[in-house]
Amino acid sequence: MTKGLFTQSEYQQRIERTQKKIAELGADYLVVPDPANIFYLTGFDAYSFYNPQLLLVPREGALAFFCRGSDASSAWLAAELREEQVFGYSDTYVQKADVHPMDWVAQTIRPWLPVKAVIAVESEAAFYTLRAHKALVEGLGGSARVIEVPNVINRLRAIKSPAEIALMRDAGKITSSMFEAAFRSIRPGVRECDAVAEIYAAQLRGVEGAGGTYSAIPPLLMAGDNTSFPHVPWSDRPFADNDPIALEIAGSRYRYHVPLTRTLHTGQPPAELQKLAEIVGEGLEAALSVIRPGAECQDPALAWNSVIKRHGLSKSTRIGYPIGLGFPPDWGEQTMSFLAGDHTPLEAGMTWHVMIGMWLDTGGYSISETVLVTENGAECLASVPRGLLTVG
C-alpha cells in the first residue's frame, strides 16, 4: 500500500508541474494511460493496467481516474485520490468485441468539456492500444480535438526529489543483496532457474528496513551461447564448467529501480574475454567520469567511444538511459539517451542506468551502473564488484 509514500505537498508539486505543461501545450486536459505516470501523480499501485485505465489531468482543478470497477476501491483507499475522483466501468465493457471501456470514458467526460476543447494524449504508453485511442477519439466526436504528446510526464520525472532518491538508495541495497544471492547460487551443475529463484527471493525479501517489490523487467540471465542475446529468459539448463554468464537484475523499492549488469564466468575465463573486460571496464570509467551537471547526454557516449576506438573497436548504440519509477514492461523512463547527438543537459537529481557492453565473435562482456547525478559527479547507487567475476 503506497498511500502516504510521499507527502501531499510533493504530489501537489507534481500535479502543478503537469498542469503547467498542459497549459504550455495549449490543451485543456491530458490523458495519462501509463501506470508509472499514474503512480507518479496519485500513488496508485495495482496490477490493473492489463485492462484499460487512465488518469485525466485538467489544466485546472481535480484529477479524475478511470478504471475497471473492481479496481476502483483500490484507487481511493490506497492512493491519493478521493472517492469522487474515481470512476469505474462495469464488466460489460471488459474485453468485448463490440464495445470498449474508452467508449464509456468518452461518454462520461463529454459533458465536462469546454467549447473547442483540446485533449492531449500521452500516446507512447505501452498499454494504450490503437483500439483504445480510436474508441476515445470516436467517442468524443466533434466535442474535442485530440492531439498526441508522447512522454510528457516521463520528462517531468527526470529530476528526482529527495524522497525518491531515498527509495532508490534502498533499491540499490536490494540490488547488491540480489547479486550476493547470485554469487552464492551460480555454479556448475545448478540449473539456471534455481539460481534465478534465489535471486528473486532476495529481490522480494529486500534488506533490513526496506522490503522489495517485483521489478518491471524480470531477471535477465544469459549463460553459455545465450550471452550473445541481450534479452532472452533463463532456462532449466544447468550451468556448465567454463560458462560465461551475463546477469542483469534490479532491486526495486515501491517501483523505484536500480538495475545492474555484471558478467560472470564459471572457471578460468579465456584471455580474450579478460582483455575485452578490461577494455569495456576502462570505457565505463571514462563514461562515469564525465557525468556531472551541465554536461550533455552525449558526453558519456563520446567518452566511451573514445576509449574503445583506441583499441580498434566501435559501437554506435546508446550506453545509458534515465531510470527510476517503472511498471512492466520497462523500468526506463523512455526519454533521453547517452548517445552521440543527444545534447540534453544533465542536471543534479537525475538517475541513469549506464549500460555498456561489447560482443565480438569470440564472446561478449557487459557491465552497468545505476548512478545519481550530483554536483560532485556520478554516485553509484549499488555496491557490487566490477570486472569479470569468477563464480562456482
State all residues of the range 64-79 that are within 24 Å of the chain's Cα centre (by Cα) and surrounded by fewer than 23 Cβ atoms within 10 Å (Cβ to Cβ); if no residue qualifies, say none.
Asp71, Ser74, Ala78
Would you please list the contacts, defined by Cβ atoms under 6 Å and residues six or more apart or on different chains, that run from a residue in the range 193-213 that is charged (D, E, K, R) to a residue that is open to solvent by less than 50 Å² (accessible area, probe 1.4 Å) and assigned to a helix (DSSP H, G or I)?
Glu198/Ala181; Glu198/Ser185
Check whether at least one residue in the range 69-86 is out of contact with any Ser or Thr (no Cβ under 9 Å at 6 or more places or on another chain), in contact (Cβ under 8 Å) with a residue 24 or more places away in the chain and in a strand (DSSP E or B), and report yes or no.
no
Could you check how many residues of the range 172-189 are crowded, with 22+ Cβ neighbours inside 10 Å, outside any loop (DSSP other than H, G, I, E, B) and of a type in the set (A, V, I, L, M)?
3
Considering the range 271-315 alone, what residues qualify as being of a type outside the set (A, V, I, L, M, F, W, C), surrounded by 15 or more Cβ atoms within 10 Å (Cβ to Cβ) and in a loop (DSSP other than H, G, I, E, B)?
Arg292, Pro293, His311, Lys315
Being among the charged types (D, E, K, R) and within 21 Å of Ile323 (Cα to Cα) is the filter; apply it to the range 1-38 and report the residue that is most open to solvent (accessible area, probe 1.4 Å).
Arg17
Restricting the range 190-203 to residues that are open to solvent by less than 10 Å² (accessible area, probe 1.4 Å) and in contact with a Phe, Trp or Tyr (Cβ under 6 Å, 6 or more places away or on another chain), the residue that is farthest from Ala382 (Cα to Cα):
Glu192
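A quick yes/no check of all residues on (1) modelled with pLDDT under 95; (2) out of contact with any strand residue (DSSP E or B) (no Cβ under 8 Å at 6 or more places or on another chain); (3) under 26 Å from Glu124 (Cα atoms):
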{"residue": "Gly251", "(1), (2), (3)": "no, no, yes"}
{"residue": "Val280", "(1), (2), (3)": "no, no, no"}
{"residue": "Val307", "(1), (2), (3)": "no, yes, no"}
{"residue": "Ser316", "(1), (2), (3)": "yes, yes, yes"}
{"residue": "Ile323", "(1), (2), (3)": "no, no, yes"}
{"residue": "Trp331", "(1), (2), (3)": "no, no, yes"}
{"residue": "Phe338", "(1), (2), (3)": "no, no, yes"}
Candidate set: the range 105-124, residues that are out of contact with any Phe, Trp or Tyr (no Cβ under 9 Å at 6 or more places or on another chain) and not β-branched (Val, Ile, Thr); chosen: the one least open to solvent (accessible area, probe 1.4 Å)
Ala106
Looking at Gly4, Gly26 in this structure, which one is among the small types (Gly, Ala, Ser), modelled with pLDDT under 95 and part of a loop (DSSP other than H, G, I, E, B)?
Gly4
Quick one: which residue in Gly212, Gly206 is open to solvent by less than 30 Å² (accessible area, probe 1.4 Å), touching a Leu at 6+ places or on another chain (Cβ under 7 Å) and farther than 18 Å from Thr263 by Cα?
Gly212
Output for Cβ contacts, cut-off 8 Å, separation at least six or different chains, first residue open to solvent by 40 Å² or more (accessible area, probe 1.4 Å) in the range 129-157, second part of a helix (DSSP H, G or I) and of a type in the set (S, T, N, Q), reads Leu156/Thr18
Which is assigned to a helix (DSSP H, G or I), open to solvent by less than 30 Å² (accessible area, probe 1.4 Å) and either within 18 Å of Ala125 (Cα to Cα) or modelled with pLDDT under 95 (or both), of Leu41, Leu55?
Leu41
The correct count of residues that are within 17 Å of Ile249 (Cβ to Cβ), open to solvent by less than 50 Å² (accessible area, probe 1.4 Å) and not small (Gly, Ala, Ser) in the range 381-391 is 4
It is to be established whether one or more residues within the range 347-370 are part of a strand (DSSP E or B), surrounded by 23 or more Cβ atoms within 10 Å (Cβ to Cβ) and either among the acidic types (Asp, Glu) or on the phi > 0 side of the Ramachandran plot (or both).
yes
Determine which single condition Glu122 fails, assuming it passes every other condition in (1) charged (D, E, K, R); (2) farther than 21 Å from Gln19 by Cβ; (3) out of contact with any Ser or Thr (no Cβ under 9 Å at 6 or more places or on another chain).
(2)
Given the options Arg82, Arg68, Arg59, name the one that is closer than 23 Å to Ala27 by Cβ and in contact with a helix residue (DSSP H, G or I) (Cβ under 8 Å, 6 or more places away or on another chain).
Arg59
Pairs, first charged (D, E, K, R) in the range 228-241, second open to solvent by 40 Å² or more (accessible area, probe 1.4 Å) and modelled with pLDDT of 95 or more, C-beta under 6 Å, six or more apart
Asp236/Arg191; Asp241/Pro188
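The values are calculated or read from the model by the stated rules, or taken from the named source; none is laboratory data. All of these numbers come straight from a predicted model, not from anything done at the bench. Here the Cβ is made from the backbone with ideal geometry for all residues, glycine too, and neighbour counts use every protein chain on show. Each accessible area value is taken on the protein alone, full model and side chains, heavy atoms only, with ligands, DNA and RNA left out. Shrake-Rupley method; radii C 1.70, N 1.55, O 1.52, S 1.80 Å.
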